Amino acid sequence: MSGTSLEKPAGPTIGTVVNRPDPAVVETARGLPTATLHEAGGRIGVMPSAIKPVAPGMKLCGTAVTVDSPGGDNLWLHRALYVAEPGEVLVVHVRGAHDFGYWGEIMSLAAKVRGLGGLVIDGCVRDGAILADFGLPVFARGLCIRGTGKDYGARGWINFPTLFDDLVVNPGDLIVGDTDGVVAIPSARARQVVDAAVQREQKEALILDRLRQGERTLEVYNF
């Protein structure tokens, strides 16, 4: 591997202190719907609703590696690929410059080789037909073929608090995505929220059974 560095990217805007929830909590969350987690946490953690899976059926679950990228530039996404640990999810903000193809087949393969859990980006990606069958979940605003640059002088941030609309996502937060969208649960509350979500799912299963037996929602919920 001549000329290849195996060291992680480093610098003053690449954070190294990340508080992650217990892996068992993350694994339990993998089987829970985003809407249930959102409600169980007190209606928290909704990422912009425009961010959706690029193909039906995609799901993701992992802890966040946050990326604040200069608009129209994906160099910081490349760096984040090699900051992230296996199973982690890149959660990327592009400063409102949505209509660029920040990510495609090459970066998906790099992420898959690294064992990452997927990508959530508040912008667009490309190679949609390939990504649909690639085996790496990608959640984005949509598809766009416009190419990105790589400005070595532009400042980006990895593993720092990152703002998505009115939601702050911190490195290590629990990220879950499904057909409905993406939810971010603060790492410090992850166990509490996941436990409450499990209980909520059990309660809803009983409600569904009552409805199948002919009861009305008016009586079930005492409206």
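The values are calculated or read from the model by the stated rules, or taken from the named source; none is laboratory data. Computed from a predicted model, the values in this text were never measured in an experiment. Quick reminder, even Gly has a Cβ in these numbers, built from the backbone with ideal geometry, and neighbours come from all protein chains shown. We work out accessible area using only protein heavy atoms, side chains counted, and drop any ligands, DNA or RNA first. Shrake-Rupley method; radii C 1.70, N 1.55, O 1.52, S 1.80 Å.
With all protein chains in place and a 1.4 Å probe, the accessible surface of the chain carries 53 percent carbon and sulfur.
Listed by chain and number, the lysines whose C-alpha is less than 24 Å from the C-alpha of K59, apart from same-chain residues fewer than 8 away, are K112, K203.
Less than 5 angstrom separates the built amide H of G142 from those of V125, all sequence-distant by 5 or more or on a different chain.
The longest stretch of the chain left intact once loop-based GluC sites (Glu not before Pro) with at most 12 other Cβ atoms within 10 Å are removed from consideration, loops following DSSP, is 8-214. The residues of region 123-223 have, on average, 58 Å² of accessible surface per residue, using a 1.4 Å probe with all protein chains present. Label separation (K59 vs F223): 2.8 nm, computed from points 7 Å beyond Cα along the C-beta direction. Based on alpha-carbon centroids, what's the gap between region 146-223 and region 105-132 in Å, whole number please? The two parts, judged by their Cα centres, are 21 Å apart. Annotation: amide H-H contacts under 5 Å for L167 (H modelled 1.01 Å from N, sequence separation of 5 or more, or interchain): none. Taking the Cα atoms only, what angle lies between the long axis of helix 190-212 and the longest principal axis of the chain, rounded to 10 degrees? Once rounded, one gets 40 degrees.
Which residues make up the longest stretch of the chain clear of trypsin sites (Lys or Arg not before Pro) that lie in a DSSP loop with no more than 16 other Cβ atoms within 10 Å, not counting the sites?
156-215
Each part gets one Cα centre, and for region 11-55 versus region 67-102 those centres are 17 Å apart. P(r) tail, region 12-56: Cα-Cα pairs separated by more than 15 Å, 66% of all pairs. Relative to the dominant Cα principal axis of the chain, helix 105-114 is inclined by about 80°. The length gained on full extension between R212 and I106, counted as 0.36 nm times the residue separation minus their Cα-Cα distance, comes to 33.4 nm.
Of the listed values (1) 14; (2) 19; (3) 24, identify the label whose number matches percent of Cα pairs over 33 Å apart calculated from this model. After the calculation, the listed value that fits is (2).
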